[in-house]
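Worksheet: the structure to be examined is printed underneath.
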Ligand SMILES: Nc1ncnc2c1ncn2[C@@H]1O[C@H](COP(=O)(O)OP(=O)(O)OP(=O)(O)O)[C@@H](O)[C@H]1O
Ligand SMILES: [Mg+2]
């Protein structure tokens, strides 16, 4: 490529990049400025074209029609006045002027009189903005070859013209409406009026269209947070109704699935418990020394089953209620101290939150239990910020390496059996905690604690 072409190409690329950057910046600015709600956005979609259309119409009307008509009217009146002035010169006698006066009155609708030995008054102040004044005075000046004086402001519905002759002044009064399209503001009033009617109709219709969408969104949010969705039924346009029906169907399927899982687990656990009891009975009749290990295993299996049964039962719907989170945190602190740990607790923000109190209590209790089991010091911190309830449980124990932080949420999963050989945990604590948080539309996550151990964070939307 020749050098010139090369630089031109570079400049083009540069310009292109700059354009794209500007576009992106404009896009993000636009998104920031635009209202977020569907209602407001739809209104903008309706109002913007309307305003643009009305403005263009108003402009074209004022510019073309209104100006032209006013100019023509002004021209007609000033032609009449010029003709009268010429007539007055042609017939200077008393009768001649009388005739001119009559012709003006009857044929042109102008009232004329002659003021002998007078001069023009000094020019009055120009009105600041008047199409009439500029048009009319301009037209008159083009035709009349004499000094003249006009007053378009003074007398409300009359305009006055004085023309200087050698020995006198001819004074003419014309009606303002003769030279001026006077009631044009009616057009604007109509325009604004119809726009308002249109807007009202649009608002009413839109509200009816958007209400079902809002109801659907509310229902989905409530369901996501594990709250009851009552009184929701599909309404509105076909698509919205379709989405609502799909949502209801999905909700029903999820609920059915959960219920199925729960009853099945409960059934299996229950059956196995019966068999385990039988095992224990049979073991009791055998020689103690030989069956020691077996008995231990059976005991462990039984406690696992009990935990599992409790877990499965937990799923059975507990209704959400307004709950004092600060109090629950305090309870957890006291429970931790009772088990010999050093526990500090704090809460900031509005403590009243709607959630399932027992599920949340269990979630917190499990995290705190891990604290006193695997560490000595626990710090519980709750905050309520805008739309989230966040509770962190810190401890100074050994922590959990990052790559294992997902595994430990698995049921019956216990890290490093050697570490907690005698602790007798079942490995369900974190599973239950996460399950409870997720039932509220939130989650439990693990991280590093400033105390040196593990930080468990409960996050729940409120
Ligand atoms: N705060 C913690 N510090 C260090 N390790 C932890 C902590 N919390 C949990 N763990 C590890 O994660 C594993 C799983 O914890 P989880 O609470 O699910 O079960 P568990 O405490 O063993 O039994 P359960 O809570 O059912 O009595 C634990 O066995 C432990 O190894
Ligand atoms: Mg535990």
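Read-outs throughout are calculated quantities, based only on the coordinates presented, and are distinct from any laboratory measurement. A quick note: this is a predicted structure, and the numbers were derived from the prediction, not measured. Neighbour counts are summed over all protein chains in view; Cβ atoms, including those assigned to glycine, are modelled from backbone coordinates with ideal geometry.
At a glance:
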quantity	calculated
Taking the range 68-170 and dividing mean pair separation by its residue count, relative contact order in percent (alpha carbons under 8 Å, at least six apart)	33 percent
Convex hull of the range 12-71 built on C-alpha atoms - directionally averaged projected area, nm²	7.1 nm²
146, 162 arranged by Cβ crowding within 10 Å, fewest neighbours leading	146, 162
Per principal axis, descending, Cα span of the range 52-112 in whole Å	61, 17, 11
Relative exposure of 363, 13, judged by other C-beta atoms within 10 Å (fewest first)	13, 363
Overall dimensions of the range 200-301 by Cα: Rg and Dmax, Å	26.8, 90
Relative contact order, percent, the chain [alpha-carbon distance under 8 Å, six or more residues apart]	10 percent
Label-point gap, in nm, between residue 83 and residue 262 - each point 7 angstrom along Cα→Cβ	9.9 nm
Spin-label model distance (nm) - residue 99 vs residue 310, 7 Å beyond Cα toward Cβ	12.5 nm
Crossing angle, helix 38-60 versus the chain [Cα axis fit, 0-90 degrees, rounded to tens]	10 degrees
Computed [θ] at 222 nm, deg cm²/dmol, the chain (DSSP H ≥ 4; -39,500 (n - 2.57); rounded to nearest 500)	-19500 deg cm²/dmol
Mean Cβ count within 10 Å, highest first, over the residues of peptides 281-290, 189-198	189-198, 281-290
Approximate spin-label separation residue 302-residue 8, in nm, with each point projected 7 Å along Cα-to-Cβ	9.3 nm
Semi-axis lengths, Å, the chain, gyration tensor of Cα atoms, sqrt of 5 times eigenvalues	95, 26, 22
Contour minus Cα-Cα distance for residue 292 and residue 44 (0.36 nm per residue)	81.4 nm
Folded to 0 to 90 degrees: helix 288-314 orientation relative to the chain principal axis, Cα	20 degrees
Rg over Rh [alpha-carbon atoms, Kirkwood Rh] for the range 325-462	0.94
Ranked list, fewest to most other Cβ atoms within 10 Å of each Cβ, for 308, 180	308, 180
Gain on full stretching of the segment that runs from residue 64 to residue 52 - 0.36 nm per residue minus C-alpha separation	2.5 nm
Relative contact order %, the range 192-279, counting alpha carbon pairs below 8 Å whose residues are six or more apart	19 percent
In degrees, nearest ten, helix 429-439 long axis to first principal axis of the chain (Cα)	30 degrees
For the range 202-257, radius of gyration divided by Kirkwood radius, i.e. Rg to Rh on alpha-carbons	1.03
Burial ranking of peptide ranges 115-123, 368-376 (average Cβ count within 10 Å, highest at the top)	368-376, 115-123
